[in-house]
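J.: Dropping a structure here in structure tokens format, bear with me for questions.
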Amino acid sequence: MKNQEVGYVIEIENNTAKVKVGRHSDCKNCGGCPGNNSLILNVQNPLGAKVGQKVIFESKKNKMLSSVYIVYIQPIIFTFIGIILGYFIATYIHKSIQTYEIILGSIFFILSLIYIRFIELEAKKDEDNIPIITKILS
């Protein structure tokens, strides 16, 4: 599934354009990005759009569900696994259960954040994840 957006090219660099896009209702509801009511995205520029032009670009939405899982659900699951593991280790060695739950829960949470960062870096390398300009309006 593809999502089309309209924006203005504000900068060109090689075959990539920086496009300023007004936030739509989904973005405003999320609140994940700081700033005012516009975003600046890196977009593939195969049509040779120039600075100041209004363009339509497409981004694929096919990975939205897996992204939501990785960013929101996975850290909770990792933390929960760490807490359970901490409980069993503390019980086995007869030490403070809460201490081991907190320590291993925190370690597993940090590991999930490291994994999210790794996935983000891999996603940036994949050109299918980068939006592409499909039409120049003006």
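J.: Counting only residues that are among the hydrophobic types (A, V, I, L, M, F, W, C) and surrounded by fewer than 12 Cβ atoms within 10 Å (Cβ to Cβ), which one in segment 83-133 is modelled with the lowest pLDDT? Steps first, answer last, please.
T.: Just the residues of segment 83-133 that are among the hydrophobic types (A, V, I, L, M, F, W, C), to begin with: 83-85, 88-90, 93, 97, 102-104, 107-111, 113-114, 116, 118-119, 121, 123, 130, 132-133.
Checking the rest, the ones that are also surrounded by fewer than 12 Cβ atoms within 10 Å (Cβ to Cβ) come to 93, 114, 118, 121.
Working: I93: 95, I114: 95, F118: 91, L121: 85.
Per the stated criteria, the residue is L121.
J.: Oh, and also: For Q74, are the conditions met, namely being at pLDDT 85 or above and either in the same structural domain as N14 (by TED's automatic domain parsing) or loosely packed, with under 11 Cβ neighbours inside 10 Å (or both)?
T.: no
J.: Moving to a separate point now. Against the condition surrounded by 11 or more Cβ atoms within 10 Å (Cβ to Cβ), more than 13 Å from the chain's Cα centre (by Cα), under 30 Å from Q53 (Cβ atoms) and not small (G, A, S), how does I136 come out, does it pass? First the steps, then the outcome.
T.: Details: surrounded by 11 or more Cβ atoms within 10 Å (Cβ to Cβ): yes; more than 13 Å from the chain's Cα centre (by Cα): yes; under 30 Å from Q53 (Cβ atoms): yes; not small (G, A, S): yes.
Criteria met by I136.
J.: Take the residues in segment 114-133 that are aliphatic (A, V, I, L, M) and assigned to a helix (DSSP H, G or I), then tell me which one is nearest to K54 (Cα to Cα).
T.: First, pick out the residues of segment 114-133 that are aliphatic (A, V, I, L, M): 114, 116, 119, 121, 123, 130, 132-133.
With assigned to a helix (DSSP H, G or I) added as a condition, the list becomes 114, 116, 119, 121, 123.
Details: I114: 38, I116: 34, I119: 32, L121: 29, A123: 27 Å.
Selected residue: A123.
J.: Shifting gears a bit: For segment 38-71: of the residues being under 19 Å from Q4 (Cβ atoms) and among the charged types (D, E, K, R), which is modelled with the lowest pLDDT?
T.: K61
J.: Inspect all residues belonging to segment 96-105 and state whether any of them is more than 30 Å from V43 (Cβ to Cβ) and in contact (Cβ under 8 Å) with a residue 24 or more places away in the chain.
T.: Filtering segment 96-105 down to residues more than 30 Å from V43 (Cβ to Cβ) leaves 96-105.
Going one step further and asking which of them are in contact (Cβ under 8 Å) with a residue 24 or more places away in the chain, we end up with 105.
Within segment 96-105, one or more residues are more than 30 Å from V43 (Cβ to Cβ) and in contact (Cβ under 8 Å) with a residue 24 or more places away in the chain.
J.: I'm trying to understand the selection: among the residues of segment 115-138, which are over 19 Å from Q74 (Cβ atoms), among the hydrophobic types (A, V, I, L, M, F, W, C) and out of contact with any helix residue (DSSP H, G or I) (no Cβ under 9 Å at 6 or more places or on another chain)?
T.: I132, I133, I136, L137
The values are calculated or read from the model by the stated rules, or taken from the named source; none is laboratory data. Please read all numbers here as calculations on a predicted model, not as lab measurements. Positions of Cβ are generated from backbone atoms using ideal geometry, with glycine treated the same way; all protein chains shown enter the neighbour counts.
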